[in-house]
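Each reported figure results from applying straightforward, stated rules to the coordinates on display, with no laboratory input. Note that this is a predicted model, so its numbers are computed, not measured.
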Amino acid sequence: MSTEALEKMLTKGMDNALLRFGLGKGYLDAGELARAAEHLQHCVQFDPQYSAAWKLLGQALNKQGLIDQARAAWTQGLRVADEKGDKQAGKEITVFLKRLDKRAQ
């Protein structure tokens, strides 16, 4: 579903974690990083246990050069992934955090 269609749903008052995740991913894929981060932040407010949303939020923030905020999002996402047993998200987030550490050296 397009971000335009999802935005219409949001305008009609439908607001939940899944809708915000879809908008965040759509905007991230389109390179609209600030909009992506905004929707993904709403997503994790709705559902703090949404490890995939934390992962994408970190990506959107990192691509904007907001390194400390990206690290915080990924760190929280890693905690959530570990708690839920979401091994794939945990592995991906670990790689992103290691890349940040390499850049910081």
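Any aspartates and glutamates with Cα under 19 Å of the Lys84 Cα? List them, leaving off those in the same chain fewer than 8 positions away.
Those aspartates and glutamates meeting the cut-off are Asp47, Glu92.
Against the longest principal axis of the chain, how steep is helix 33-46, in degrees 0 to 90 to the nearest 10, with axes from Cα atoms?
90
If I build a Gaussian network model for the chain, linking alpha-carbon pairs within less than 10 angstrom, which residue out of Gly13, Gly90, Gly58 has the largest mean-square fluctuation?
Greatest mean-square fluctuation among the candidates belongs to Gly13.
Would you list which lysines come within 18 Å of Lys63, measuring only between C-alpha atoms, while excluding same-chain residues fewer than 8 positions from it?
Output for Lys63: Lys25, Lys55, Lys98, Lys102.
Over the Cα atoms of the range 3-104, what Rg and Dmax result, in angstrom?
Rg and Dmax of the range 3-104, Cα atoms, are 13.3, 44 Å.
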